[in-house]
Amino acid sequence: MRILAIHNFHRSGSASGDDQVFKSETQLLEKHGHEVIRYTVSNDEFDNAGLVGKLAATFGMLWSAKNYKAVASLIRSKHPDIVHVHTFFPLLSPSILYAAKRAGIPVIATLHDTRFVCPVATSLRDGRICNQCGDGHYLRMAKYGCFKGSRLQSLLVAGIFKYHRVRKSFYTQIDRYICLNDNQIRLLENIGFDSSKISKKYNFVPDAQANLASAKPAGLPDRYVVFYGRIGAEKGIRILQRIWNDINDIPLVVMGGGPLEDEFRTWAEKRPNVYFLGYTPHEKCMSIAKAGEFVVFPSIWYEGCSMVEIESESLGLPLVATDLGFSAEAVENGVNGIKVPLGNIERWKEAVRELWSNPKLCHSMGKNARFDYARKYTPENNYRQLIDIYRQTAKGE
């Protein structure tokens, strides 16, 4: 099968999950003998453009003639069987969907976030879950400055999504949606998406445990709890701080970078039981995590299919996670981890202490987590699901 895979990469240095999925999924398809034609852009293009280029890219969010022509040309020359779109915002624009559909090629879109419900893609406003724009009244974005805290930019994005809502671009130009969890499916169905066009498929990660030795760098204690990932508000960094403000006797190792990195480092330096390692190369990060007791994941937004969570399970580590989005179905309470209601700091502290004080329970949950990974998140399992979706969509089923 010949697949045209399309993706708008985040900025260089970003550890974005959808970037990682695009790379690993296309490599997996090639490993199985399929021809993959990649068409990608990067947000670096916007950063490196001059004033004129930035203006053109901004208006191109509505309809990018350049990317429409490029995709149409690729389809004419390469004759793909399927077009698989991952992230198209901001630079690619929905124009690429029209280019594929007008050529008669089936279009599949993996929904890595909630952008069709919330144009900002986070379903967060002032740190709280918000799906109000699912009704299509996007102008409220400008009132609240939802996009990058700017009312002007929010007004622009609201106009773009209103235009495509009126045109039904996201309803008529995509043949199949790949959702990453049940919550995404419910949100789409609630705003009129056809459930018969929706398939659920988790992400995958290679087996992190297979050939990986645990490692404890000098200076870390013998036992510790782990958080790794983006140091951003949506990942629950401030929740993490509130938890460890009241926990002085359990070591916490934190790895990652992001917009709150400096603030978090200042906070961590005042706490002798918090070890902030900053950005850590992936393999080293996995080795350090594997030597930990369990992973905490206090995210406050709808995770699609968190790579951190499925990596942790591949390492045989139990999870303490917010009962929200993907985590709600990934974590089975008392089996492979503990779920904590959103924002319940007291329950977070209880859950951390419960696992920390019972290594036998922690080990048992870790074994169950490893089994859960093997059952649901391996590359081969994922490939079988993906190719079935491709074949069904190509047949119009």
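The values are calculated or read from the model by the stated rules, or taken from the named source; none is laboratory data. The shown structure was predicted, so the numbers you read here are calculated from the model rather than taken from an experiment. Note that each Cβ is placed from the backbone with ideal geometry, even for glycine, and that neighbours are counted across all protein chains shown. What goes into the accessible areas is simple: the full protein's heavy atoms, side chains included, and nothing from ligands, DNA or RNA. Shrake-Rupley method; radii C 1.70, N 1.55, O 1.52, S 1.80 Å.
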For all pairs of alpha-carbon atoms in the range 225-328, what percent lies in each bin of width 5 Å, listed from the first bin to the last filled one?
2, 13, 25, 27, 22, 9, 1
Restricted to Cα positions, what overall size does the range 10-74 have along the principal axes? Three whole-Å values, descending.
43, 30, 17
For the range 126-168, what size does the Cα cloud have along each of its three principal axes, sorted from largest down, in whole Å?
31, 21, 12
Report, to the nearest whole %, how much of the accessible area of the chain belongs to carbon and sulfur atoms, 1.4 Å probe, protein only.
51
Any chance you could list the semi-axes, whole Å, largest first, of the equivalent ellipsoid that the Cα gyration tensor gives for the chain, using √(5λ)?
36, 24, 19
Whole-Hz couplings from phi, Karplus 6.51/-1.76/1.60, listed for the range 118-131; x for Gly and Pro
10, x, 7, 6, 9, 6, 10, 9, 6, x, 10, 4, 8, 10
Could you calculate the FRET efficiency of K54 with R347 from 1/(1 + (r/R0)^6), where r is the beta carbon distance between them and R0 is 51 Å, rounded to 0.05?
0.65
Given the DSSP H assignment, sum -39500 (n - 2.57) over each helix run of at least 4 residues in the chain and divide by its residue total; what's the result at 222 nm in deg cm²/dmol, nearest 500?
-12500 deg cm²/dmol
In Å and on Cα atoms, what radius of gyration and Dmax does the range 46-200 show?
15.8, 47
Going Cα to Cα from K290, which aspartates and glutamates come in below 16 Å? Please leave out same-chain ones fewer than 8 positions away.
D207, D222, E309, E311, E313
What size of dipole, in debye to the nearest 20, comes out for the chain about its Cα centre when the only charges are +1 on Lys and Arg C-beta atoms and -1 on Asp and Glu C-beta atoms?
1160
Solvent-accessible area per residue for the range 20-67 at a 1.4 Å probe radius, Å²?
55
Using the Karplus curve 6.51 cos²θ - 1.76 cosθ + 1.60 with θ = phi - 60°, what ³J(HN,Hα) values do you get for each residue of the range 243-257, in whole Hz, with x for Gly and Pro?
5, 7, 4, 10, 10, 10, 10, 10, x, 10, 9, 10, 10, x, x
Compute the angle between helix 65-78 and the longest alpha-carbon principal axis of the chain, please, reported from 0 to 90 degrees and rounded to the nearest 10.
80
So if I take the centroid of the Cα atoms in the range 171-235 and the same for the range 75-91, what is the distance between those two points in Å?
23
Quarter of the Cα convex hull surface for the range 285-397, i.e. its orientation-mean projected area (nm²):
8.0
Whole-Å semi-axes of the ellipsoid equivalent to the range 302-355 (Cα gyration tensor, √5λ, descending):
17, 14, 8
